[in-house]
Each structure stands twice: as structure tokens, then as C-alpha cells.
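The values are calculated or read from the model by the stated rules, or taken from the named source; none is laboratory data. This one's a predicted model, so the numbers in the text were calculated from it and none came from an experiment. Neighbour counts are summed over all protein chains in view; Cβ atoms, including those assigned to glycine, are modelled from backbone coordinates with ideal geometry. We work out accessible area using only protein heavy atoms, side chains counted, and drop any ligands, DNA or RNA first. Shrake-Rupley method; radii C 1.70, N 1.55, O 1.52, S 1.80 Å.
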Amino acid sequence: MTESNAGRIIELKNIRKSFDGETVLDGINLDIHDKEFVTFLGPSGCGKTTTLRIIAGFETPDFGEVFFDGAKINDLPPYKRQVNTVFQKYALFPHLNVYENVAFGLRLGKKLKEEEISRRVKDMLRMVNLSGFERRNVESLSGGQQQRVAIARALINHPRVLLLDEPLGALDLKLRKDMQNELKNIQMQTGITFIYVTHDQEEALSMSDVIVVMNEGVIQQIGTPTDIYNEPVNAFVADFIGESNILDGVMLEDYKAKFSNQTFDCLDKGFAKGEAVDIVVRPEDVDVVPVEKGMLSGIVTSVTFKGVHYEIIVDIGGFKWMIQTTDFVAQDEHIGLYIEPDAIHVMKKSKYSDQFGDYSSFSDELDELSVNTEEE
Amino acid sequence: MKQRSLLQKCLAAPHMVWTVLFIIAPLLFVAYYAFTDSEGAFTFDNILKSLEADYMVIFFRSISLAIIATFICLIIAYPMAYAISRAKPSAQKIIIMLVMLPMWMNFLIRTYSWMSILEDTGFINQLLIKLGLEPVHMINTSGAVVLGMVYNFLPYMILPIYTVMVKIDRRLVEAAHDLGCNSFGVMTKVIFPLSISGVVSGVTMVFVPSISTFYISQKLGGGNFDLIGDTIERQFQTAYNYNLGAAISLILMVLIIISMAIMNKFSDEDGGMVV
Ligand SMILES: Nc1ncnc2c1ncn2[C@@H]1O[C@H](COP(=O)(O)OP(=O)(O)OP(=O)(O)O)[C@@H](O)[C@H]1O
Ligand SMILES: [Mg+2]
């Protein structure tokens, strides 16, 4: 291992891939460090699975290089890679029972004693909470149980890297949360590098050490969950991760931004004087105050109770803001808004700038619709 | 809703009539003839006669040729079915059509064609002579009979195996590779166990017509390789001994049932078991 790749277990260098002339990955550059929990996050069709399959060896990139421990592995077949995969719909062997599914990887290569196999399979099943299920037919298991078998099967050979392609996609919400915790525990216990694919941003934020946000075959941002949430690099990331009000603004000078016809203090600098920028303000970072104390003021057009807070839409000079507040405000009320300097995040203009407007089309119904389509 | 509604019973009626008329009734006729003499009196003579040495030789020959033909079909069909199932979907359709193409031609014509190909002065031997080689005697050998069976029944082996193989999830193959299997391991540990059911139906669909065929052996075996089918045919067509013919048929049926039971047992065990 040379100085330059210390700690890096996988490196992707300028990976390009197209199917039938359609570019799917367009220059992916990524370093993944040992023992990290890395999540690929992005909308459907952005190339997450394809990237994962290139790392596993099921696809070869048209261009670019894949390194493992500093060695190029472009031409190494999947069965020689120290990488194992948990497939999206588990892909358990239907002709084998739970025990034999998990033992599958142990029965290949060098011969192990049956007691050794049995001991390791039992240990693994204990780790995924499936002790006693050894003789069960895999098709008789619930989705969550099949998922655990798939994880046990993939971990039994002690891979250096585990690839998980939307492993919780088919589970219901409650089970999903439990499995998220379990997966995180398993990752910490084993010290195996996890590369995790999801299009659920909440899942990504709560589990990952590093999030890789992708769109249209291009990495938009790589960073820790807090970085990604607090410092999105462009309008796409800001919109995709959490709720956000994205406004057109101008950087007057360092630490001074102008939007909604007002000048605000902020913590951002390094932009040209008068540069057009995108401004992000998260709904939970805005304080509702009486009109006379507000920096901005507007009319409440909708109020939705969300349990912990109210989600309100406020019309300010024609731009609809989403704001989350624990104080009740009534519809059609005239309110003031107060924004702290650290709640304002300034981003350079990008090709996504015009795609994300305000919340004018927002309604609960629409929200539910988009959630449903996401889950498909 | 345990009770079937009247409508359901009515809908099932045509099927019941069909079954009784065309399956159960003929079987009863066969059994009746097998256990009676020409006068119609009950007897075991027909059965005992069909178990005599002369007929046992024929039974044995039929079984061995059918096993050989089935085995050769399997060896040819399995890799073919695998290759077809891996081809592009559009190519798969065309290849499957080519596999079935000979079935559109009449069975008799196909067998006659093989006669003229295999004859001492047939196509192959003429070719050999043109090439300055010694002609080979092929027609009227047991090899020619087996060839006829393999040629005629091969599609029945390919199709069921192919049908099972296209349904094997590609991700299972990838999962096996992922866990450390090379291509050979994938074949033995995943593809083969998952295609057993296709193999079982293929074997049944080739073995049963092979063991009961009568035309192939007459034309390609030249009467030197009488099979059970030929014997039965002769009892009905030339000897007019319906009773003996029925008895031999009955024994053939029992043989087929036994071999199918063995095959099914084999598939049950292998299907659900550890490799
Ligand atoms: N084998 C293939 N042949 C042709 N096109 C493919 C193939 N695999 C993927 N694609 C295309 O590549 C694009 C990216 O696919 P990919 O599966 O990587 O997306 P994804 O980010 O995993 O999406 P999802 O969240 O829906 O799983 C899609 O447009 C898909 O249709
Ligand atoms: Mg995917």
C-alpha cells in the first residue's frame, strides 16, 4: 500500500458506463475508506445500482478504473473479489434451507470440517437473530427474516466490503427502523466497510458516515450527513435531502446576502461581489415572530399538523415558504419571520437552479403521492 | 365455502365426461381383454404368456434402447437448453422455433428421410465414397433405431429443460458468483439443482414414447430389433390376438408407471435437498 491510498479500500477513477448508447455513469470519482459506512443516495435511475455492480464485478466500466487496496481490479471476476453483496430482493437459493444458504460461501474453495461450518453458521445466525431457523425453507420466511438470511450469507466469508442494494426497500416502516439499527450494529461489530444504496434520505442521514449524493450518473456531493444537510452544494442536493426553501439571491459582499428584497447577514463568503446565487433556508430554521419584529412578513396560506410541529406555508411577496413551527398559527394570519445568520446557506448557481421553485404547488395530497411513488 | 356450487359442478361436467369416455373406458377395455380368453372367460394365461422368455427379451431390448436414447437426449439437450436460455430474448424465440420445426413435419416422413440417409447406398455412404472412404453399414442396426428415437424425441427433452432454465433468476447466478463460485460451481450448485424438475419432465417425455414406439424400429431397425410397440401392433394388426396384445400393453403401462414413480422420487429428493 502506498502513501497515497492509505486507508482507502476502494477507489473509483473516472468511471463511465453506458447501456445502449445511454450514458448511465458519467465520470464517477470516489474514494471509500476502510470501515466506513458509505451510502449512495439519489433518485431512481441515477446509477446507484450500476455503480455497486461495477464494484462487485458484475459490470465492467466502459472507461475508468476500479482499485481495491491500491490494486486495479477491473478484470477480476466477482468470485475473486473480497466483496459480497446483499441483493435488493435477497436472491436466496430456493433449493437450499436457511442453514445451507448461509453455509454456501463456506462450502466453496478450501474444505472446512463440518463442525467448523456448523459453528460459523450458528454464530452468524445468532448475530442476525435467526437462531433456530436452520432447517426452515427460505421461501417460508417473512421478508425481514429473508433479509437477515441474505445478510448472514453475505457476511459468512468475512468480506472486506459488503454491498447492500436497497436492502430494506421491501420492508414496512417499523421493521425498517429496527433493521436500520441492526445493520448499523453489525457494521460496527464486524468493522466491515458497508456500501449502502438507498433512495430514502432519512435512512441515509441516520445510518451513514459518508453520503454520496448522485443524480443523472454524476456525483453531486460527498460528505458527512451533517455536511450534506447543512451545506448542500447545489439546489438539487438541497431539495433532495430534507425540505428546503430555495430562493434566488445576490451576494452583496462577504457575509451579506440579498433575497426577497431584503439584505441578510450570513456566514458565507468567497463569492464575487454581486454574484447571483441560490439561497437555502431550512423550514425548521425560521422563527415565527410578530410582524413588526420580522425580517420578512407574509400571509399563512396553509397549516398542517405533523405531530411534533406544524408545517405552514407562508406567502411572502408571491414566493411560498415552508416553515415548521411548534407554535400554532392560524390560516390567513399575517406573521413575521426571523432568520438567524447561520440559518442561511448560500450556494453557487448550478444547472439545477431553475428546477426547484417554492412550495406553491404544495399540498398534503401531493406530498403523499410523491412518497408513494418513491416507495415503489 | 367448502361446498362446491351447482354452477361449479356443471362446469366440471364436460371434463368428467371426457375423462370417462376417453381415458377410463379404454383402460377398462384393455384390462378386460387382458384378463379374458377369446371366448370371454376370465384367465391369467395372457399375462403369463407375455412374461415368457421370448417377450422378456423384447421388453429388455425396449427398455435398454429407450434408456440409451433418453440418456443421449439428455446429454445433448441439457447444454443446448442452457445455451438457449442464456441467449438474447429475441434470439431465444427463433432458436426455440427451429427446435420445434421438425415436429411440424410428419413423423413418417421424418423417419423415411432417415432411412434414405442411412441406407447402404444412402446419402452418407455416397458422400463417404465420393470422399474415397469405405462405406459404413448403418441402417438396420440398433444404433439406427436409437438415432431415430433421439432425433424424433429430442425437442421433448429440450423444451421442458429450457422452460425451467429461463425462469431461473439471473440474480441467483450472480449471488453464487458473488459468494465465490466459479462458472462450474454455479452450474453444479445452482443451475443443475434448480433445473431438476425440467430434467424429470424431459426424461419422462422422451422415455415414454421411446419405450412404446413401434414405427422407428421397423423402418430403421429393419425388423431385427422388435420393440414392445411392434409386438403389440402385431398382435392387433396381424395376429388378431387382442387378448395377448392387451396383456402386453398392460405390462408396458405398469413398467412406465414404475419408471415414472422412480423419476418423481428422484426429483423430490434432489429438489429439496442439500447438494
Ligand atoms: N443492464 C442494463 N441494460 C440497459 N439499461 C440498464 C441496465 N442496467 C441499468 N440500466 C439503466 O441505467 C440507468 C441506471 O440504472 P441503475 O439501476 O443504476 O439505477 P438506480 O440508481 O439503482 O435506480 P433505482 O433507485 O431505481 O434502483 C437506468 O436508466 C437503467 O434503465
Ligand atoms: Mg437500483
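The table for this structure:
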| read-out | value |
| --- | --- |
| Per residue, in Å², the accessible surface of the protein assembly as shown once ligands and nucleic acids are set aside, probe 1.4 Å | 51 |
| Cα centroid of region B:228-247 to Cα centroid of region A:93-143, whole Å | 57 |
| Under 24 Å, Cα to Cα: Lys pairs in region B:53-268, sequence gap 8 or more or different chains | 6 |
| Within the protein assembly as shown, percent of DSSP bridges classed antiparallel, to nearest 5 | 80 |
| Chain B: most fluctuating residue of B:252, B:48, B:127 per GNM, C-alpha cutoff 10 Å | B:127 |
| Nearest-ten-degree value, helix A:173-190 long axis tilted from longest Cα axis of chain A | 60 |
| Isotropic mean projected area of the C-alpha convex hull, chain A (nm²) | 22.1 |
| Percent RCO, i.e. relative contact order, over region B:94-250, from Cα pairs under 8 Å lying at least 6 residues apart | 23 |
| For chain A: relative contact order, % (alpha-carbon pairs under 8 angstrom, 6 or more apart) | 15 |
| Cα-based equivalent ellipsoid of the protein assembly as shown: semi-axis lengths in Å, sorted from largest, via gyration tensor | 72, 29, 24 |
| Sorted largest first, extent of region A:119-202 alpha carbons per principal axis (Å) | 37, 29, 17 |
| Helix A:143-155 axis, angle to chain A major axis (alpha carbon atoms, nearest 10°) | 60 |
| Using a Förster distance of 51 Å, the FRET efficiency for residue A:172-residue B:56 (Cβ separation, nearest 0.05) | 0.20 |
| Share of carbon and sulfur in the accessible heavy-atom surface of region A:3-230 [1.4 Å probe, %] | 47 |
| Projected label distance in nm at residue A:16 and residue A:72, using a 7 Å step from Cα toward the beta-carbon | 1.7 |
| Beta bridges by DSSP in region A:3-230, antiparallel share as percent, to the nearest 5 | 55 |
| Chain A: angle of helix A:114-127 to the longest principal axis, Cα-based, in degrees nearest 10 | 20 |
| Value at 222 nm in deg cm²/dmol, rounded to 500, when DSSP H runs of n ≥ 4 in chain B each add -39,500 (n - 2.57) | -24000 deg cm²/dmol |
| Taking chain B and dividing mean pair separation by its residue count, relative contact order in percent (alpha carbons under 8 Å, at least six apart) | 26 |
| 222 nm mean residue ellipticity, helices alone, for chain A (DSSP H n ≥ 4; -39,500 (n - 2.57); rounded to 500) | -7000 deg cm²/dmol |
| Axial C-alpha extent at least 15 Å, average Kyte-Doolittle at least 1.0 - helices from chain B (DSSP) | B:53-86, B:89-100, B:107-118, B:142-167, B:192-212, B:242-272 |
| Listed residues A:331, A:187, A:147, most fluctuating in chain A (Gaussian network, C-alpha, under 10 Å) | A:331 |
| Charge-dipole axis of the protein assembly as shown as Lys and Arg at +1 and Asp and Glu at -1 on Cβ define it, positive-most pick from B:163, A:314, B:138 | B:138 |
| Rh (Kirkwood; distinct C-alpha pairs) - chain B, Å | 21.9 |
| Residue among B:59, B:250, B:181 farthest towards the positive dipole end of region B:53-268, charges placed on Cβ | B:181 |
| Ranked packing of B:179-186, B:138-145, B:34-41, most packed first, by mean Cβ within 10 Å | B:138-145, B:179-186, B:34-41 |
